Amino acid sequence: MEYVIELRNITKVFPGIIANDDITLKVKKGEIHALLGENGAGKSTLMSVLFGLYKPEKGSIYIKGKEAHITNPNDANRYGIGMVHQHFKLVHNFTVLENVILGVETVKNGTLVMAEARRKVLDLSKRYNLFIEPDHLISDISVGMQQRVEILKMLYKNNDILIFDEPTAVLTPQEIDELMKIMKELISEGKTIIFITHKLNEIKAVADRVSILRKGKLIDTVDVASSTKESLSEMMVGRKVLLEVNKTPAEPKEVIMEVSHLSMKSKHHGKDSVNDVSFKVRRGEILCIAGIEGNGQTDLVYGITGLQKLSGGKILYKGVDLATKSIRYRSLNKISHIPEDRHKHGLVLDYNLAENLILQTYFTDKFQKFGFLNFKNIYDHADKMIQRFDIRSGSGSHSVTRSMSGGNQQKAILARELDINPDLLIAVQPTRGLDVGAIEYIHKTLIEQRDAGKAVLLVSLELSEVMSVSDRILVIYEGELVGEVDPTKITQQELGLYMSGSKREKVE
Amino acid sequence: MKKFLMNAGVQKIFAALLAILFGLAFGVVILFISSFFISKASYPLDALYTIVTGGLRFSGLKGLGIIMRFMSPILLTGLSVGFAFKTGLFNIGASGQFVIGGFVAAYICIKWTFIPLEYLWIVGILGAVIAGGIVGLISGLLKAYRNVNEVISAIMLNYISMITVSNLVSIIADKNNPSRTSPPLSRIPTLGLDKIFGNNTTDISIFIAILVAILIYIILERTTFGYELKACGYNRNAARYAGINDRLGITLSMTIAGALAGLGGAMVYISSITKVFDSLLTLAPEGFDGISVALLGMSNPLGIIFSAAFIAALKNAGPALSRSGFNEEVVKIMTAVIIYASAFSLIFREKLVQFFTKKGAKK
Ligand SMILES: Nc1ncnc2c1ncn2[C@@H]1O[C@H](COP(=O)(O)OP(=O)(O)OP(=O)(O)O)[C@@H](O)[C@H]1O
Ligand SMILES: [Mg+2]
């Protein structure tokens, strides 16, 4: 049997860490080959080696049986390899079409010829049901659409080995289903796909074989059909993982925050993105705001956390109206916020891990005296957090957060926000990009918070998370609350009806 | 050893040194080529020796005094640019802030004779700091509250400052020469340095400048204030998220940057270098030298001390070079190449790391 891709004995070292340790990976033609591994296991690194972004210290790459020397993405392209990165690489003020042809433009007499490219793009879009509008600006289209543009870029270059690095982390459940369909299409055309994901369901649904990485080493490559979710996660983490959430019924206590008639102006259009929303959060419960992406949940959270001004309404927190209070007031009064976009809000990527871990507390007596930072305490604190939350990186507390793996960046934010022991925790997509082991830990922590009498406001797109973690669900649709449901008394399908706006009822 | 080389700070220093070597090598090539055309030229390597010693082989201690003297204003404008850069802003307005600072200092040291002369220079310096700060503040406010790019507002302020000063020359004009200002009555003291270095322009400004550099280093790297400012610079959204007042941060950063450049102005115009303002002013080159100094010093205040010394030495070597028969412009070319190379320092750094890790892996 010949393999399309053979990575032989790949070793890639970063300062302080062996990201890939003697990995041999063989991928068959026409299969969907999944890569599974904990945060920081080295998945993105291995794919970057294959794509020519990193030069490995040891090892060789064979494509279709012949040794290939891939030192940059252009080489990779010549071997038919394309990649959709964990964080997309699109030019935001270019149109879709311009992005697709970037780097492979057809030029006639020194000017760009777009007509032919446009035809080809439209053809491809139709053939794979991508529904792409070539003239839309990237900055105007949804994340799911942006990803399709990335896929189209690969198809346009006639790549037949396609790497997807965590493509589903940023997608809504509907978009995920569609992506899976597109992937199957591509396979039926004889293309080969390497698919990185943390979601075992997705692996079960589309992958043929799966390779498991742990701490830079290849543990095994197995057939998906003959393995279970449990066995996969055990191989990946090295211990049994609880895939179901275990919790007792909530015992809600007094109201800690009451939002009344809250409205927010949209930044994109003149209308309100959040319209007259009212609800209460109690101590001792996990309240979830569920909804399809783009229905106002982002702005609602911005309003509550103070990142954006309200256009109307009140937020009573412990009896004080937050509408005119600062962000600092909120954090001093024990409101924590795990933001939706970890790169935009959550981290100062050029600060190291220790510096990021004090972002909310640097001004407290523990970390400063007379305005001078106390580095001993700062680094001691970081080491404690690294221990407690199992944050993995090359140089420990001194690692620049930019160089950390996506999942470990997320863990750093969680560590910081939980450490201040909040009374109200606002968590937006807290498990985005995390491995099953970490998700188990986060869910357990959220429930512990609740049981300790804290309030948790969870905003999530992940239906299974919404259903299994929350005690009460509010559904948001086009900026309005359209339903309040009890997760133990509703099916996922029914919840879906509310989320898509087909079903609605008055909330309080 | 490997760990030592992996340290980001060490890499930066190496990269800067590489940039300098690169520039010097380029200079040697030019010297070689031009030596074919200049009949009385001495050996190119001899000329190189003149350059790397900053011309001190001819001028000795006196030259050292001159270098120290020229170093202090560009050290301060370098700090101004570097500080702004660390906090995510590009202060191209150092030139205007420098001129305004210098002018206010001169004005105070000519007009405010109600203050005893031995203290007047101190008041002049304070005035320069405040005036430069105000110019910076304007850019800062525009950026923070109106989202006006600081580069654009600063470039315009450079011209506004220059023209304002050339129009104000008349209020402190020299009676004999009304298009120029009269020399200040009180100056930054020399404290005997002029005697030691045998050069009457050498004064204590260099020590003030170095102290300020250390102070800025401490603010940036050791204080909560610096932590806040850098957070605003690296990621304004995250700073806001953390409850830091990002607008105030940006405003203060530009104000401090302006104050530093303004102080630089005082160091020229109330010093023993008897430079005065005239009504035909051009944009102050010290402001732009600051950009070079900050680049070569990698925006690190301590690095900037060395890069300012280096660039001042190169400047001093220019005239000495003509003694070896070469054109002094060669030094300018070399400086430019070094600045270019240091702008590419990231690439140097990467290559360095690759070079050493490969060596390490083989062992
Ligand atoms: N450019 C870099 N410099 C230093 N260390 C790096 C760099 N890139 C990755 N690393 C380190 O290498 C390890 C593997 O990272 P990688 O991004 O491959 O993980 P991953 O398996 O993709 O994780 P995740 O699921 O969180 O995305 C991590 O510990 C990370 O800190
Ligand atoms: Mg990754």
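The values are calculated or read from the model by the stated rules, or taken from the named source; none is laboratory data. Here the structure is a predicted model, which means the values were calculated and not measured. Methodologically, a virtual Cβ is constructed for each residue, glycine included, from the backbone with ideal geometry; neighbour enumeration extends over all protein chains shown. In case anyone asks, the SASA skips ligands and DNA or RNA and just uses the protein heavy atoms, side chains included. Shrake-Rupley method; radii C 1.70, N 1.55, O 1.52, S 1.80 Å.
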So is residue A:7 within 14 Å of ligand 2 (Cβ to nearest atom), part of a strand (DSSP E or B) and surrounded by 20 or more Cβ atoms within 10 Å (Cβ to Cβ) or not? no
For residue A:64, work out the one condition from (1) on the phi > 0 side of the Ramachandran plot; (2) open to solvent by less than 10 Å² (accessible area, probe 1.4 Å); (3) away from ligand 1 (no atom under 16 Å from the Cβ) it doesn't fulfil. (2)
List every residue pair whose Cβ atoms lie under 6 Å apart, where the two residues are 6 or more positions apart in sequence or sit on different chains, the first residue falls within region B:200-225 and is closer than 16 Å to residue B:75 by Cβ and assigned to a helix (DSSP H, G or I), and the second residue, located anywhere, is open to solvent by less than 60 Å² (accessible area, probe 1.4 Å) and aromatic (Phe, Trp, Tyr). B:216/B:83
Would you tally the residues in region B:119-140 being in contact with a Pro (Cβ under 9 Å, 6 or more places away or on another chain) and farther than 13 Å from residue B:267 by Cβ? 1
Name the pairs: first residue in region A:32-47 and more than 14 Å from chain B (Cβ to nearest Cβ) and open to solvent by 10 Å² or more (accessible area, probe 1.4 Å), second residue within 6 Å of ligand 1 (Cβ to nearest atom) and part of a helix (DSSP H, G or I), Cβ to Cβ under 8 Å, at least 6 apart or on different chains? A:38/A:407; A:40/A:407; A:40/A:408; A:44/A:406
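Determine whether region A:217-230 contains at least one residue that is of a type in the set (Gly, Ala, Ser) and under 28 Å from residue A:447 (Cβ atoms). First the steps, then the outcome.
Going through region A:217-230, the residues of a type in the set (Gly, Ala, Ser) turn out to be A:225-227.
With under 28 Å from residue A:447 (Cβ atoms) added as a condition, the list becomes none.
Within region A:217-230, none of the residues are of a type in the set (Gly, Ala, Ser) and under 28 Å from residue A:447 (Cβ atoms).
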Could you check how many residues of region A:70-87 are under 26 Å from residue A:30 (Cβ atoms), open to solvent by 40 Å² or more (accessible area, probe 1.4 Å) and part of a loop (DSSP other than H, G, I, E, B)? 2
Within region A:441-463, can one find any residue that is within 16 Å of ligand 1 (Cβ to nearest atom) and part of a helix (DSSP H, G or I)? yes
May I ask you to say which residue of B:134, B:110, B:163 is more than 15 Å from the chain's Cα centre (by Cα), closer than 30 Å to residue B:199 by Cβ and assigned to a helix (DSSP H, G or I)? B:110
Yes or no: region A:373-388 includes at least one residue that is facing chain B (nearest Cβ under 9 Å) and at pLDDT 95 or above. yes
Among the residues listed as A:392, A:402, A:416, A:388, the single one being outside any helix (DSSP H, G or I) and basic (Lys, Arg): A:392
Residue list for region A:334-346, restricted to those being surrounded by fewer than 20 Cβ atoms within 10 Å (Cβ to Cβ) and either farther than 14 Å from residue A:417 by Cβ or facing another protein chain (nearest Cβ under 9 Å) (or both): A:341, A:343, A:344
Note on residue B:150: of the conditions (1) touching a residue at least 24 places away in the same chain (Cβ under 8 Å); (2) loosely packed, with under 15 Cβ neighbours inside 10 Å, unmet is (2)
Between a residue in region A:194-206 that is open to solvent by less than 10 Å² (accessible area, probe 1.4 Å) and among the hydroxyl-bearing types (Ser, Thr, Tyr) and any residue that is within 16 Å of ligand 2 (Cβ to nearest atom) and part of a loop (DSSP other than H, G, I, E, B), which pairs come within a Cβ distance under 9 Å, given they are 6 or more apart or on different chains? A:197/A:166; A:197/A:167; A:197/A:168; A:197/A:169
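This table checks each residue for (1) within 16 Å of ligand 2 (Cβ to nearest atom); (2) more than 28 Å from the chain's Cα centre (by Cα); (3) buried (at least 21 other Cβ atoms within 10 Å of the Cβ).
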| residue | (1), (2), (3) |
| --- | --- |
| A:50 | yes, no, yes |
| A:53 | yes, no, no |
| A:68 | no, yes, no |
| A:93 | no, no, no |
| A:105 | no, yes, no |
Going through region B:226-236 in order, the residues found to be within 7 Å of chain A (Cβ to nearest Cβ) and not in a loop (DSSP other than H, G, I, E, B) are B:227, B:231, B:234
Out of the residues in region B:157-170 meeting the condition of being exposed (fewer than 15 other Cβ atoms within 10 Å of the Cβ) and in contact with a Ser or Thr (Cβ under 9 Å, 6 or more places away or on another chain), tell me which one is farthest from residue B:116 (Cα to Cα). B:167
Is at least one residue of region A:365-385 polar (S, T, N, Q) and within 16 Å of ligand 2 (Cβ to nearest atom)? no
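Only one residue in A:401, A:431 is within 16 Å of ligand 2 (Cβ to nearest atom) and either at positive phi or open to solvent by less than 10 Å² (accessible area, probe 1.4 Å) (or both), so which one is that? Talk me through it step by step, then tell me what you get.
Details: A:431 fails: either at positive phi or open to solvent by less than 10 Å² (accessible area, probe 1.4 Å) (or both).
It is A:401.
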Elements of type strands (runs of 3 or more DSSP E) in region A:154-225, at least 1 residues being within 14 Å of chain B (Cβ to nearest Cβ) and within 16 Å of ligand 1 (Cβ to nearest atom): none
Single residue of A:390, A:471 found to be of a type in the set (Asp, Glu), open to solvent by 20 Å² or more (accessible area, probe 1.4 Å) and more than 16 Å from ligand 1 (Cβ to nearest atom): A:471
Given the condition in contact with a Pro (Cβ under 8 Å, 6 or more places away or on another chain), away from every other protein chain (no Cβ under 11 Å) and open to solvent by 20 Å² or more (accessible area, probe 1.4 Å), answer yes or no: does some residue in region A:358-370 qualify? no
